[in-house]
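Before any comments, here is the structure.
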Amino acid sequence: MKLHLAVSKDNLRPALKHIQIKGGFIYATNCHILARIPVNEAFSELFTKEEEFYILGDDWKKQGFSKCTDFKRNGNLLEAYDNKWNLQGIIKMKDKNEIGGNFPDCETVIPQETTLTESLDKISFNPSLLNDLCEVFGQSTNHFIYTFFGKTKAIKVAHKDMEGFGILMPIAMND
């Protein structure tokens, strides 16, 4: 998966330049989009729910992890392999004290499944951000189900065939 597409490029927010592995999920965010994937979808049984690690998004991209199909773990080292078990790269995972700030509690911004109570006459979002979010999952935008929770609430972008999903923040529209 192309998780590096969802991380921040902002040097003023160094923690957001990382991919977080925590509580059985993988999170990547730049504060405009958020990708959440069950850790077992990407890494099989390599992590427990109690563990918390961080991977620099640039390392994920440079090592070609988005193209890898198999992973091995040796402590805080993560090795990536292609489908023929050729080693593609090794990344040293960090703990939360090594990322230069606090990674946000992503679960608090994920909308809860509730009934939409307001009319959605106009809603907008950045199509480039939507494209990045869908590309994280390796699919075009027509393979997703979009759930709207309100004019100022995050839009849930869920892939039809995966447990993972993304969050996209809307843009306020003037009447």
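The values are calculated or read from the model by the stated rules, or taken from the named source; none is laboratory data. Bear in mind the structure is a predicted one, so any value in this text is a computation, not a measurement. Glycine also receives a Cβ, built like all others from the backbone with ideal geometry; neighbour counts cover every protein chain displayed.
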* Filter result (in a strand (DSSP E or B) and of a type in the set (A, V, I, L, M)) within the stretch 144-168 -> Ile145, Ile155, Val157, Ala158, Ile167, Leu168
* Which pairs do you get when a residue that is closer than 13 Å to Phe165 by Cα and part of a loop (DSSP other than H, G, I, E, B), found in the stretch 111-135, comes within reach of a residue that is modelled with pLDDT of 75 or more and among the charged types (D, E, K, R), reach meaning Cβ atoms under 9 angstrom, with the pair 6+ apart or on two chains? -> Pro111/Lys153; Pro111/Lys156
* Which residues, taken from the stretch 63-104, are among the aromatic types (Phe, Trp, Tyr) and not in a helix (DSSP H, G or I)? -> Phe71, Tyr81, Trp85, Phe103
* Just for the stretch 136-149: of the residues that are exposed (fewer than 12 other Cβ atoms within 10 Å of the Cβ) and over 17 Å from Glu163 (Cβ atoms), which one is modelled with the lowest pLDDT? -> Ser140
* **Residue that is surrounded by the most Cβ atoms within 10 Å (Cβ to Cβ), among those in the stretch 45-74 that are in contact (Cβ under 8 Å) with a residue 40 or more places away in the chain and of a type in the set (Ser, Thr, Tyr)** => Tyr54
